[in-house]
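For reference, the structure is listed below as structure tokens.
Laboratory data are not the source of any read-out in this text; all were calculated from the coordinates shown. Computed from a predicted model, the values in this text were never measured in an experiment. In this analysis, Cβ positions are derived from the backbone assuming ideal geometry, glycine residues included, and neighbour counts consider all displayed protein chains.
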Amino acid sequence: MKKTLIAIAALAATGATFAQATISGNVGFSWQQSPVKASAGAATGDGSHTQGFAIQDGEIYISAKEDLGGGMSATARGGLTMRGRGNALGDRDASVGLTGAFGAITVGSFRSCGSLDAVKSGVVTGTIYSSNESNKFTPLDTCSLVDAAVFTMPVGPVMLSATYGEFGSSVADTSTTNRGNATGITFTDLAGVYTAGPMMVSLNATVFAAINTYKVVDGVVRTRLAGTYDAGVAKLGLGYQTKTGGSADQYIASVAVPMGNTVFGLDYTARAAQGKFDNGTPGAVAGFALGGARDGDKGSSSVGLGATYSFSKTTTLNFSYITYNDVGANEKFGPAAAAVAPVFNNDGSLKTAGTAAVTGLVPGGTTPTQLDTEYRIRLMKAF
């Protein structure tokens, strides 16, 4: 699956020191339909799509490892996207670390999706579902781009970890031109992962802190419990998240069933109704959109079905279909309302009552119970 290169790491008077580097990655090409969420304040609502050929899966990583002696080693890893013509190269995780008898310390920039994402079936894929960094369709928290320092240490069947990190963001703090933590939001995470035979259980708690206008998340505590069990005929996954500050609980259940060269999968995700004390929109003094839901969102869920056929260990063909559902009208999918007089829904219920145009924070148009779907057929080769 990986092609190994031998690269010169350093030259010394006593001789040459060598480090081993590996190149790995994947390229996937799809025919697909993806939903497009109306941006806040836009004139159009839900229902628009991106349909046709697309290359949304393509990245390359270079990893290097050096033996430092005394049971210690150093590692480095960095990556780029490669999505075909007309698509600029994008950066991926970049990290450097030390490993020894004490455990491992890794520092770098990461895409962090959390333990609930980790218990998905792995069979259901989609541009919205699998690359959940900024969209508001999926009921689970969006993935975050963070700069972090991670310490891990195995204790028997349990891997313990402690993480301190800062959130990356395109939202700049205009009070300073310094680079670094643009949002002023930091977090500390303590976690344990138990793995024994067919079972995996993870538990982690994250405490958030803020030093500027995003203080709405200061002191928020998020707890996640997730696990998988491989029964042979099927692999089952369950996950649960709770977060203080008025945030909605989140759930995930998954099953993956192998049959010869084909694996069938089902994912169910759900978010309860969102409270009024967390989030807001990025850039607003009201709060930072931690987790990707706006104040007052109704409950939502998604159901995904998929099948992956493996031609080999590195070449696969995937079919996926996902529906996204709301429990009633949902603020986050429609454009912002701008009205100085009451506006009524089609059923006669009151939509707004003299609200001003506050981008992203007031209800949009009425949305149907089933919001939208996405599907894809993807051929992918890993290397």
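Here are the numbers:
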{"item": "Fewest-first ranking of Asp117, Asp249, using other Cβ atoms within 10 Å as the exposure measure", "result": "Asp249, Asp117"}
{"item": "For Thr244, Thr163, order by how many other beta-carbon atoms lie within 10 Å, fewest first", "result": "Thr244, Thr163"}
{"item": "Neighbour-count ranking [beta-carbon atoms within 10 angstrom, fewest first] of Thr125, Thr50, Thr142", "result": "Thr50, Thr142, Thr125"}
